[in-house]
1. With a point put 7 Å past each Cα toward its Cβ, work out how far A16 is from E272 in nm, to one decimal.
2. What is the packing order of peptides 212-218, 152-158, taking the mean over residues of other C-beta atoms within 10 Å and listing the highest first?
3. Which is farthest toward the positive dipole end of the chain among L51, P150, L322, measuring Cα position about the Cα centre, with Cβ charges +1 (Lys, Arg) and -1 (Asp, Glu)?
4. How much length is gained if the chain between W130 and S324 is pulled fully straight, taking 0.36 nm per residue apart and subtracting their Cα-Cα distance, in nm to one decimal?
5. What number results when the radius of gyration of segment 1-123, computed over Cα atoms, is divided by 2.2 N^0.38 Å?
6. What's the angle, to the nearest 10 degrees (0 to 90), between helix 15-24's Cα axis and the longest principal axis of the chain?
7. Using amide H atoms built 1.01 Å from N in the peptide plane, name the residues 5+ places from S252, or on other chains, whose amide H lies under 5 Å from its own.
8. Would you list, by chain and number, the lysines whose Cα falls below 19 Å from the Cα of K276, excluding same-chain residues fewer than 8 positions away?
Amino acid sequence: MQLLPQFRLARPRDLAEASAMLAGDPNARVLAGGTDLVANLRDGLGAPSTLVDLGAIEELATIGTDGGGIRIGARVTLARLSADAQIGTLYPAIAQAAGSVAGPAHRSVATVGGNLCLDTRCVFYNQSEWWRRANRYCLKYRGDVCHVAPQGNSCQAAYSGDLAPALLALEAEVEIAGAGGSRRIALTDLYVEDGAAHLALRPGDIVAAVHVPATKAQLRSGYRKARARGAIDFPLAGVAAALRVEQGMLESLRIAVTGTNSRPFVLKETDEWVGKALDETLPAAVGKLVQHQVRPLRTTATAANYRRHVAAVLAQRLVRELSS
């Protein structure tokens, strides 16, 4: 690690002021918990002119009702989210995902918005400055080639946030504050399959909150991940699922994956099982779908094919558990 670069620290009083600061300075960055950003800055990954600290904007730190659903402010900590009784009861996948991030000290300051906007990661990118310089910079930062896929022209760094798949499985929307006001989009539209620029945010945009719709009767959800160590590590693969069963028949099924692609994504082709009786063919089919749709590459020290199989097994086990 190296010393932090010189920067100006700004503390806006509200979202409009924060958005104006970001829109007026292309080299400014948002600071909330800082667990991802500060570590990257200490590794020489970026040198922002200004850090816009959201700590004084209280509306970002609230959890409240939203119609029949729930609104979670972007500055709510993961520790608070994982311990919230209402969320744990109605949306177990969210509580499980929040509680699985890093260690207790990280979760006490890491935020919902920060985890959703987590930078993509790669074994060729998340290194010290001297290592990256000695091995030629990569396409994601300062270089012109992706060392994972040198024959291509796009960055293959993987997205590894834990909250996104849980929220995607529950069909959440994200509230974005920008220079032109506030707007809501489906969470899936926040992400782009590009390791170097994976967030579809405009200049001045800030993720302000997440809106999770009301749960339907008998909806069950969960999140499972695999990592090299039982704490601290980012997921080698993570899977969230939300399903509803009535009288032995599958009424709905939604599965989302993280850690394998440059964006978290919702598994396709799961609707074909809706309306059918539950049996052991469903987990087996889900495992095959995961293996066909994930795209792990050499972005971690663990083999890509291993991560593909792990993602499939996690999905199988989770679906089997939720449907029993």
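1. Modelled inter-label distance: 5.2 nm.
2. Values: 212-218: 13.4, 152-158: 20.0.
Highest to lowest by the protection proxy: 152-158, 212-218.
3. Most positive-ward Cα: P150.
4. On the way: separation 194, 0.36 × 194 = 69.84 nm, distance 5.15 nm.
The span from W130 to S324 would gain 64.7 nm if fully extended.
5. On the way: Rg = 15.6 Å, N = 123, 2.2 N^0.38 = 13.7 Å.
Here the answer is 1.14, to two decimals.
6. Taking the Cα atoms of the chain, the angle to 15-24 is about 60 degrees.
7. R244
8. Partners within reach: K216, K268, K288.
The values are calculated or read from the model by the stated rules, or taken from the named source; none is laboratory data. On a predicted model such as this, the values are computed, not experimentally measured, just so you know. Positions of Cβ are backbone-derived with ideal geometry, glycine not excepted, and every protein chain shown enters the neighbour counts. Ligands, DNA and RNA are stripped out before the accessible areas are found, and what is left, the full protein with its side chains, is counted by its heavy atoms. Shrake-Rupley method; radii C 1.70, N 1.55, O 1.52, S 1.80 Å.
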